[in-house]
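Nothing in this text is a laboratory measurement; each read-out follows from the coordinates by a stated rule. Note that the structure is a prediction, hence the values are computed from the model and not measured. When we count neighbours, we look across all protein chains shown, and the Cβ atoms used for this are built from the backbone with ideal geometry, even at glycine.
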Amino acid sequence: MASTLVLGYDGSDGAKAALRIAVDTAKAFGDRIVVAFGAGVYPIGEDADHLRVVHKMGADWADEALAAIRAAGVSDCEAAVVDARPAEALLRIAEERGARMIVVGTQGEHPVKAAVLGSVPHKLLHLSELPVLVVPV
């Protein structure tokens, strides 16, 4: 049975860079890739329409990632859109799938901004018990 990589993907340049590295790693080690998107919403007047839009965006980005992964030659892949904030979603999916590593991109944000606003890679590096590969743009 193949090992699993969890790829955090949101359509950004950082996510696309992480996707390329995840594909290279999957090819080298025979891993499967689970594309993950956390659709948890921040408390800014949430309503059902807003939640549907966030889920739709996540599903669209997951489809985009799956198409790119398959086009690059990795057929063992799936997507998961989870009702949780991004870092929590990635950790949950990694645990559920028995992943060996989480792969995410970064935009190279300033450390102070990341500390105040919260950066997904930063949170993962502090919370994950698995290796986290952070790919710069």
Neighbour-count ranking [beta-carbon atoms within 10 angstrom, fewest first] of Met57, Met101: Met57, Met101
Where N is the number of residues in region 1-100, Cα Rg divided by 2.2 N^0.38 Å: 1.07
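Quick check: residue separation of Arg20 and Val137 times 0.36 nm, minus the Cα distance between them. What number comes out in nm? If you can, show how the numbers build up before the last one.
On the way: separation 117, 0.36 × 117 = 42.12 nm, distance 1.11 nm.
Additional length available on full extension: 41.0 nm.
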Partner aspartates and glutamates for Lys16 [C-alpha distance under 12 Å; skip if fewer than 8 residues away on the same chain]: Glu64
Which of His126, His50 has the fewest Cβ neighbours within 10 Å, and the rest in rising order: His126, His50
Sites Leu127 and Gln107 - FRET efficiency at Förster radius 22 Å, r taken between beta-carbons, to 0.05: 0.65
